[in-house]
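Notes follow the structure.
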Amino acid sequence: MKAMRFSWIGLILAPLFVPVIFGATMLTLGEGDVLPASLAVLVVGCIVSYGSTILLFLPCLFLLSLEQQMTGFKVCLLGLALGAVEFVSLTLIAWGSRSPDLPIKNYFVYLRLWAADPVTALLPLAGLTTAGLYWWLGKQRTAPSVPVQ
């Protein structure tokens, strides 16, 4: 069984999709001068997206592809799970860097409060979208070519 092939096009384009969508949504729905905030969201989103793709998704995908045949469903499931891991790690960072006068001392209470926000459901969905797009772009590149007659 061969490991899943690496795709440069997938690595470049897949992590860029979700931050561009977030930035464009903020740009179109915001009021006033939202261009600096939209660009900040785009930059931070790209840092998180490319970092998690390179440091989490690709190594996990490679290791899983050594053991079993990877399908689009398995890759998307991996992206969904890693998006949830990303949510937990970002809340841990936010909880650790909170101000000393914040009354929440327990991380799990802080995690529960963050999980109640509907926007946090977007992180696992962003992982799912990025993984699915990486799979689709990699599949397009490795599709069998039809000879020209």
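For the chain, find the longest principal axis of its Cα atoms and tell me its angle to the long axis of helix 122-141, 0 to 90°, nearest 10.
In the chain, helix 122-141 runs at an angle near 20 degrees to the longest axis.
Taking the Cα centre of the chain as the origin, how large is its charge dipole in debye, to the nearest 20, when only Lys and Arg (+1) and Asp and Glu (-1) carry charge on their Cβ atoms? Provide the component values of the computation, followed by the final result.
Values: 8 positive and 6 negative charges, 116 e Å.
The calculated dipole for the chain is roughly 560 debye.
Grab the DSSP H runs of the chain that are 4 residues or longer, score each as -39,500 (n - 2.57), total them, divide by all residues and round the 222 nm result to the nearest 500 deg cm²/dmol.
Details: 6 runs with 104 residues, N = 149.
Estimated from H runs of four or more residues: -23500 deg cm²/dmol.
State log₁₀ I(q)/I(0) for the chain at q = 0.18 Å⁻¹ as given by the Debye formula over alpha-carbon point scatterers of equal weight, solvent excluded.
-1.09
Translational diffusion coefficient of segment 54-110 at 37 °C, 0.692 mPa s, Stokes-Einstein with Kirkwood Rh over Cα pairs, in µm²/s as a whole number.
Details: Rh = 13.5 Å.
In µm²/s, the coefficient rounds to 244.
Quick one: Cα centre-to-centre distance for segment 14-83 and segment 115-138, in angstrom?
One Cα centre to the other: 7 Å.
Just order 21-30, 75-84 by mean Cβ neighbour count inside 10 Å, highest at the front, would you?
On the way: 21-30: 14.3, 75-84: 20.2.
Result, highest mean first: 75-84, 21-30.
Figure the gain on full extension for A37 and K105 (residue separation times 0.36 nm, minus the Cα-Cα span) and round it to one decimal in nm. Please report the intermediate quantities before stating the final value.
On the way: separation 68, 0.36 × 68 = 24.48 nm, distance 3.03 nm.
Full extension of this stretch gives 21.5 nm more.
PRE reach from V119 (point 7 Å along Cα→Cβ): which of segment 42-72 fall under 18 Å by backbone N?
42-49
Pull out the extension gain between A84 and K139, defined as 0.36 nm times the separation in residues minus the alpha carbon to alpha carbon distance; nm, one decimal.
Values: separation 55, 0.36 × 55 = 19.80 nm, distance 2.48 nm.
Computed gain between A84 and K139 is 17.3 nm.
We did not get these values from a lab; they are worked out from the coordinates using the rules stated. Here the structure is a predicted model, which means the values were calculated and not measured. No Cβ is skipped: glycine too gets one built from the backbone with ideal geometry, and neighbour counts run over all protein chains shown.
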